[in-house]
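Since the structure comes first, as structure tokens, the remarks are kept for the end.
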Amino acid sequence: MSTGEDIVFSRNTVEFVTVAAEYCAYLERCSQCNTKEFTDTLLKLLPLLYIKAQMLPDGESIGEDELEDFVTEDSYEVLRITISELLADKDNYLDVFVEEMKYSDTPVTKSISEDLADIYQDIKNFVCLFRLGINETMHDAIVQCSEHFRQYWGQTLVNTLRALHEVRYNTLDTEEEEEE
């Protein structure tokens, strides 16, 4: 077995693929959820996705071709809008870990729906590439996904987790108490 195959079929990769596929599938069916169920599930899935992404093996691309993108602008936007409608007025949050914050006098507002859709886009592209079953493509998808995790969506995930925690435990609990 070559080094590329070692990465593709390693236990950590298989576990990441499993969690990544579940994350994508859950977001794709989130329109069937209420806000509490949605946040409860994501507060469990996102930390697992983060841990499994950290454990992806290191490697370097072996292919020469660009990896294909499977998530279209339209499918991204449909998902983002679905999540935004689900979260309603709880979608936006203040983010202090944004580069623009250094130069801004006003807080930077982010949206949970856009963050989750951004993470989804990268993860879904990875899962689709992996499903092709071509070792070289799968290897390069792992390398790319791991790089994107370190450079972008890992921080986005952590920031979104904080915002979801606020929605679930400080906003939804307060609303449920008021209803009683």
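None of the figures in this text is laboratory data; all of them are computed from the coordinates on show. Keep in mind the model is a prediction, meaning the values are calculated, not measured. Backbone-built Cβ (ideal geometry, glycine too); neighbour counts: all protein chains shown.
Overall size of the stretch 1-59 from C-alpha positions, given as principal axis extents largest first: 46, 17, 14 Å.
Of 48, 116, the sequence from fewest to most neighbouring Cβ atoms within 10 angstrom is 48, 116. The charge dipole of the stretch 3-179, taken about its Cα centre with unit charges on the Cβ of Lys, Arg, Asp and Glu (plus for the first two, minus for the last two), comes to roughly 520 debye. Cross-link partners of residue 52 among lysines, defined as those whose alpha carbon lies under 17 angstrom from its own and excluding same-chain residues fewer than eight positions apart: 44, 124. Note on the chain: with a GNM built from Cα contacts shorter than 10 Å, the maximum mean-square fluctuation among 59, 154, 133 falls on 133. Using amide H atoms built 1.01 Å from N in the peptide plane, name the residues 5+ places from residue 108, or on other chains, whose amide H lies under 5 Å from its own. Here the answer is 95, since their amide H atoms fall under 5 Å of that of residue 108. The three principal axes of the Cα atoms in the stretch 37-96 give end-to-end lengths of 45, 29, 26 Å, sorted in falling order. Our helix-only sum for the chain, with -39,500 (n - 2.57) per DSSP H run of n ≥ 4 divided by its residues, gives a mean residue ellipticity at 222 nm of -20000 deg cm²/dmol. How high is the relative contact order of the stretch 3-179, given as a whole-number percent (alpha carbon pairs under 8 Å, six or more residues apart)? Once divided by the residue count of the stretch 3-179, the mean separation gives 32 percent. Between residue 62 and residue 92, the FRET efficiency from the beta-carbon distance, with R0 = 35 Å, is close to 0.25.
Taking 0.36 nm per residue of sequence separation and removing the Cα-Cα distance, the residue 75/residue 9 pair yields an extension gain of 20.8 nm.
Given the options 67, 56, 27, state which has the largest fluctuation in a GNM of the chain using a 10 Å cut-off (strictly under) for Cα springs. Fluctuation is largest for 67. Membrane-span-like helices of the chain, defined as complete DSSP H segments with a Cα extent of 18 Å or more along the helix axis and a mean Kyte hydropathy of at least 0.0, are identified as 11-28, 35-54, 73-87, 112-131.
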